[in-house]
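The values are calculated or read from the model by the stated rules, or taken from the named source; none is laboratory data. As the structure is a prediction and not an experimental result, all values here were calculated from the model. Using ideal geometry, Cβ is built from the backbone for each residue, glycine included, and neighbour counts are taken over all protein chains shown.
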Amino acid sequence: MRDETEYGAPVAAGADYAERLVADLNPRQREAVEHGEGPLLVLAGAGSGKTRVLTHRIAWLLATGRARPSEILAITFTNKAAGEMRERVDRLVGGVSRAMWVMTFHSACARILRAEAPRLGYKRAFTIYDESDSLRMVKRCVEELDIDPKRFAPRAIKSQISAAKNQLVDSTEYGNAVGGPFEEAVADVYNLYERRMVEASAMDFDDLLVRTVNLLELFADIREKYRRIFRWVLVDEYQDTNRAQYRLLQLLCEEHRNLTVVGDDFQSVYSFRGADIRNILEFERDFPDAHTVLLEQNYRSTQTILDAANGLIAHNENQKRKQLWTDGPRGDLVTIAELDDEHAEARYVASEINRLVEEGTPRDQIAVFYRMNAQSRVLEDTLVRFEIPYQVIGGTKFYDRAEIKDAVAYLSLVANPADAVSFTRVVNSPRRGIGQQTQARLLSHANTIGEDIWDVFSNPEQVPGLGPQAVKAVRRFADVMAELRERAESTDSVAEIVEAILQRTGYIEALEAERTVEAEGRIENLEELVGVAAEFDTNRELEGDQEQTPLEEFLAQIRLLSEQDNLKEQESLATLMSLHNAKGLEYDAVFVIGCEEGLFPHSRSVEEGNLEEERRLAYVGVTRARERLWLTFARRRSLHGSSSWNLPSRFLSELPEDLIDRHVATTQTGWASAGEGGRSWGSNARDAVLGGSRRGEGGFSAPERRQPTPPPVPYSVGDDVVHPSFGEGVITGVEPNNVVVVRFSGDGSERKLMADYAPLKKVA
DNA sequence: TGCTTCACCATTTTT
DNA sequence: TGGTGAAGCA
């Protein structure tokens, strides 16, 4: 534990320290930090130092003796944000931050439920289901109820149930309010789903919140207990709270009223997930005695970027008024670039990135944002060709990969014998001759006799309808699981359990037998999981939690991990992500691509009347940039197969014209430059930008028929090649459009490269 | 039981 | 365009 803090004072040193704590804050920030008891609303514009206010407020509450560390509950939405906050509080007050709850809504609820869940009929060792697990469960319910999944898509049903839960509407209430046939189907599934989840002792993400609310509403003693524990509650990103979270805060705070919420209505972009912007807009109505502080001074961006953001958001009606300003320089103009199509757009972005890097911008300070994840593909291809190292945030996550999910499902089943979804996931993976028939019989028997699925498969003889073959196969599976469970009970090392699972279930063996590159990759991923577990074991030795076993704790932790947690900062990688994922981050240089009507704002959103939220999303994108900002659009874009012509996004015309530097680029399309050899693309694209030709061809007239035929592919399967960065490899495939597939011997990776542009050389 | 083929569909997603 | 899921076949 550290005694010295950032301000050189020992922990909680009283008035003098408190004074120094606020000394270098601006007046508004100081006002927020020094607010005493009672509700506080901090409307914090982008980059206005809201985390600073939150952390300093916590330190100030401690320093002035108003709060003890254990009385503080600080809530964020991501683990990353929680980690950062804890770290920064730690720097202010030292190790006492350990005693505080600084975590996400979901983690906090999971922790409370871990202690109290039995009161609601759950086992203490409940399993947290992620989206795909709970979708599985919904599907099973749909099947069981004989609902035609084509008529009512399980996904749609699930999202309907989720929406209901976010509103704290339970299945009974939902059933009473049914409208059409779809709602009726949803009501039935919702009802069964709730029952099956309790039986499996499983909770989905929404349940974590809803069940905690239930707990506090139903049991006065529990309510009192947590009200007494959390005398000070602080919430970050308050604009993103949904009904359930709102109710939770109300339950915790309505007595002592020491609730601090920090947020920015301009950055509310999650209404489709149930976030209710009214929570922040109407905070002052809900808490008439609330003190409100407005933070408008921005410490991140240039005035030009802020003016652009202000100009954009001024087009929204339903907002609190805020106007960002900075002491800093005006900075460069915002670039709006018009390109032919998405490929030209990608090349433009890539060449601009190269230029930035040459000029000294660290690559990890460059980000590209887009509306849809699908847009990353073209960009990735281009970045590979330009040899620009990058990372993509979003898409398939580590914990979404099949092999990882399998391993985690094994762990879940070991920890929670009732976990039916995990059971179906792993029972025949690897193949062990337990097919759907057999699984269905096991599950329905479990439903009939009301026993845990584990008890049922441990006694396969008693399951009606199983043939001797099936009984034998199930027996073998049960024996392995029993052995693993014993193993888990006799050790505190999660890594050891994971290792045992991979070995004893034959999982690794099956992968090794495949002898493919993919299988090898999977094995590597699994090894990484063992590594993650080992790391967990090491950290756990420092701070153990007696409430739950290491395995349970590990499972809860990895299930609540988020995408942003994967962000790497140290490596020199440009970052690609959706605009939604960009919230809370900042970069020196930002590109927002695909600024076209129909794509951004997305046509769906416009149809559904969510234009203002789209505009807020644009606002989020713009305000991520510290120094340089590009907004690009393509005249023509192919989206799932067919290409279409789009108008520039209305958001572009909403930016004040005097802040804009316009580029109209006509890149040389196609193969014209191929003869010049690989690396010339960068300069080509850049030269073309200077060209500034007009878009006067009339839009629809000439759909690029003039491409010369590609030069013949000089490579054939089996050729040995060498690449300056990937090393030696062999051609394993030749595809249309001069794409070659190369397996590189260095890391065993297989990559698709454009033969004409990649700096590949044939080895004689 | 398990693999292949074909049809269908396709924002965003802090947990 | 590409990934997913269900039906059909060996």
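Some notes on this structure:
- Selected residue (criterion: nearest to DNA strand C (Cβ to nearest atom)) from residues of region A:640-665 that are surrounded by 13 or more Cβ atoms within 10 Å (Cβ to Cβ) and of a type in the set (Gly, Ala, Ser): A:SER643
- Neighbours by Cβ (under 8 Å, 6+ apart or cross-chain): first from region A:471-492, among the aromatic types (Phe, Trp, Tyr); second assigned to a helix (DSSP H, G or I): A:PHE477/A:PHE457
- Failed condition for A:THR304, given (1) under 18 Å from A:GLU657 (Cα atoms); (2) among the hydroxyl-bearing types (Ser, Thr, Tyr); (3) in a loop (DSSP other than H, G, I, E, B): (3)
- Taking region A:109-138 as the range and being surrounded by 20 or more Cβ atoms within 10 Å (Cβ to Cβ) and either without any contact (Cβ under 8 Å) to a residue 40 or more places away in the chain or among the hydroxyl-bearing types (Ser, Thr, Tyr) (or both) as the test, the residues that pass are A:TYR122, A:THR127, A:TYR129, A:SER134.
Yes/no per residue for (1) among the hydrophobic types (A, V, I, L, M, F, W, C); (2) at pLDDT below 90:
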residue: A:ILE388; (1), (2): yes, no
residue: A:GLU403; (1), (2): no, yes
residue: A:SER490; (1), (2): no, no
residue: A:SER493; (1), (2): no, no
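- Residue in region A:352-363 that is under 23 Å from A:ASN646 (Cβ atoms), of a type outside the set (Ser, Thr, Tyr) and either touching a residue at least 40 places away in the same chain (Cβ under 8 Å) or part of a helix (DSSP H, G or I) (or both) present: yes
- Look at region A:369-385: where a residue is closer than 23 Å to A:LYS583 by Cα and within 13 Å of DNA strand C (Cβ to nearest atom) and a partner is at pLDDT 90 or above and of a type in the set (S, T, N, Q), sitting 6+ places away or on another chain with Cβ atoms under 8 Å, you get A:MET372/A:SER578; A:ASN373/A:SER578.
- Scanning region A:207-254 for residues that are of a type outside the set (Lys, Arg) and assigned to a loop (DSSP other than H, G, I, E, B) yields A:PHE219, A:PHE230, A:ASP236, A:GLU237, A:THR241, A:GLU254.
- Taking every residue in region A:641-661 that is within 16 Å of DNA strand B (Cβ to nearest atom) and pairing it with any residue that is part of a strand (DSSP E or B) and not β-branched (Val, Ile, Thr), at least 6 positions away or on another chain, the pairs with Cβ-Cβ distances below 6 Å are A:SER643/A:ARG636; A:ASN646/A:GLU596; A:ASN646/A:GLY598; A:SER649/A:GLU596.
- The number of residues in region A:579-602 being assigned to a strand (DSSP E or B) and away from DNA strand C (no atom under 16 Å from the Cβ) comes to 9.
- Among the numbered conditions (1) buried (at least 16 other Cβ atoms within 10 Å of the Cβ); (2) more than 30 Å from A:GLU553 (Cα to Cα), the only one that A:MET372 does not meet is (1).
- Total residues in region A:34-86, condition more than 16 Å from DNA strand B (Cβ to nearest atom) and on the phi < 0 side of the Ramachandran plot: 30
- When residues in region A:375-387 are screened for being touching a Leu at 6+ places or on another chain (Cβ under 9 Å) and either within 16 Å of DNA strand B (Cβ to nearest atom) or not charged (D, E, K, R) (or both), 6 of them pass.
- Scanning region A:629-639 for residues that are of a type outside the set (A, V, I, L, M, F, W, C) and either surrounded by 24 or more Cβ atoms within 10 Å (Cβ to Cβ) or within 16 Å of DNA strand C (Cβ to nearest atom) (or both) turns up A:THR632, A:ARG636, A:ARG637, A:SER638.
- Picking from residues in region A:268-301 that are in a strand (DSSP E or B) and under 30 Å from A:VAL334 (Cα atoms), the one that is nearest to DNA strand B (Cβ to nearest atom) is A:LEU295.
- The listed residue being surrounded by fewer than 20 Cβ atoms within 10 Å (Cβ to Cβ) and hydrophobic (A, V, I, L, M, F, W, C), out of A:ALA478, A:ALA420, A:ALA473: A:ALA478
- Residue in region A:298-307 that is within 26 Å of A:GLU627 (Cβ to Cβ) and aromatic (Phe, Trp, Tyr) present: yes
- Selection within region A:604-629 - within 24 Å of the chain's Cα centre (by Cα) and more than 16 Å from DNA strand B (Cβ to nearest atom): A:VAL622, A:ALA625, A:ARG626, A:LEU629
- Leading residue by the ranking (modelled with the lowest pLDDT) among those in region A:125-158 that are part of a loop (DSSP other than H, G, I, E, B) and within 10 Å of DNA strand B (Cβ to nearest atom): A:LYS150
- Some residue of region A:603-621 being surrounded by 20 or more Cβ atoms within 10 Å (Cβ to Cβ) and in a strand (DSSP E or B): no
- Residue match in region A:346-359 (condition: within 16 Å of DNA strand C (Cβ to nearest atom), farther than 17 Å from A:ASP588 by Cα and charged (D, E, K, R)): no
- Hey, A:SER638 part of a strand (DSSP E or B), within 11 Å of DNA strand B (Cβ to nearest atom) and touching a residue at least 24 places away in the same chain (Cβ under 8 Å) or not: yes
- Summed over region A:426-462, the residues that are away from DNA strand B (no atom under 14 Å from the Cβ) and either in a helix (DSSP H, G or I) or crowded, with 24+ Cβ neighbours inside 10 Å (or both) give a count of 13.
- Every listed requirement among (1) surrounded by fewer than 15 Cβ atoms within 10 Å (Cβ to Cβ); (2) in contact with a strand residue (DSSP E or B) (Cβ under 7 Å, 6 or more places away or on another chain) is met by A:ARG355 save one, (2).
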